[in-house]
Amino acid sequence: MRVQECIEECINLNELNNKEMKDKKLDLKSKIRRIPEFKGVVFWDITTLLKDKHALRESIKQMADHYRNKGIDVIVSSEARGFIFGATLAYELGVGFVPIRKKGKLPSKTVNLTYQKEYESDTIEIHKDSIEPGQKVLIIDDLLATGGTIEANTKLVEKLGGKVVGIGFLIELEYLHGRETIGDKYEIFSIINYKTPNG
């Protein structure tokens, strides 16, 4: 009888701990480091979140919970930080992962797109056989800033006949109005939002 009571007590304690963990939601925003000036801009450093196993796990969980059961076939991300979240989320959702890279980095036949950045143009590429026409594609990146790179990613996916069903970010800098660049054609989801350069 004492053994049974001990087992029940342990089960109850475990359930209580789990409830407390759920109630005490991890503040992911507090895990991002603000660098006042890096290459002339305010820089939001995600390495402080990445090194925290609980914060990293929670960020992937929140993304996965948002996109689960939405029929996604493949996740596309651009180098380099996008790979961290895109590939991890693809594993969590049980779908494929496709990288977008800068020109000359992919070994097989590619489709490319050149787009204008703030001070220069850039060319990105995707393998020609990486997405099948009609596949439901989720684009994931670490940060939404001005939106130019993500807009280029969507165009590249659509060049292959993929259907972009969502775009997700760890961080969104609302003060740079990236959503306006992307437009309202796509569902956009972000976990952490900054309304001003001060947070």
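Please treat every number below as a calculation from the coordinates, not as lab data. This structure is a prediction, so every number in the text was calculated from the model and none was measured. Every residue, glycine among them, receives a Cβ derived from its backbone with ideal geometry; neighbour counts consider all protein chains shown.
Structure values in brief
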item	result
DSSP-defined antiparallel bridges as percent of all bridges, the stretch 26-194, nearest 5	35 percent
Stretchable slack from Glu79 to Glu158, in nm (0.36 nm times residue separation minus alpha-carbon distance)	26.6 nm
Expected 222 nm ellipticity per residue - DSSP helices of 4 or more, -39500 (n - 2.57), all of the chain, to 500	-11000 deg cm²/dmol
Ascending count of other beta-carbon atoms within 10 Å, so fewest first, for Glu151, Glu172	Glu151, Glu172
Of Lys29/Lys105; Lys105/Lys159; Lys31/Lys136; Lys103/Lys195; Lys39/Lys185; Lys39/Lys102, those spanning more than 30 Å from alpha-carbon to alpha-carbon	Lys29/Lys105; Lys31/Lys136; Lys103/Lys195; Lys39/Lys185
Order by protection proxy (mean Cβ within 10 Å, highest first), peptides 106-115, 136-145, 186-195	136-145, 186-195, 106-115
Rounded, prolate or oblate (a/c below 1.5 giving rounded, otherwise prolate when a/b exceeds b/c) for the stretch 86-144 by Cα gyration tensor	oblate
Residues Thr196, Thr123, sorted so that the one with the fewest Cβ neighbours within 10 Å comes first	Thr196, Thr123
Estimated distance in nm for a label pair at Asp27 and Glu180, the labels positioned 7 Å out from Cα along Cα-to-Cβ	3.1 nm
Rg and Dmax of the chain, Cα atoms only, in Å	19.9, 75
Amide H within-cut-off set for Leu144, under 5 Å, with H built and near neighbours excluded	Ile171, Glu172, Leu173
Net length gained if the chain between Thr146 and Thr196 were fully extended (0.36 nm per residue, minus Cα distance)	16.6 nm
Residue order, fewest to most beta carbons within 10 Å, for Val41, Val98	Val41, Val98
Radius 9 Å from Cβ of Phe43, net charge of other residues (Lys, Arg +1; Asp, Glu -1)	+1
Choice from Thr154, Thr88, Thr48 with maximal GNM fluctuation in the chain (Cα, 10 Å cutoff)	Thr48
Neighbourhood charge, 15 Å Cβ-Cβ cut-off, centred on Pro197 and excluding it, Lys, Arg +1 and Asp, Glu -1	+1
Average Cα contact separation per residue, the chain, under 8 Å, 6 or more apart, as relative contact order %	15 percent
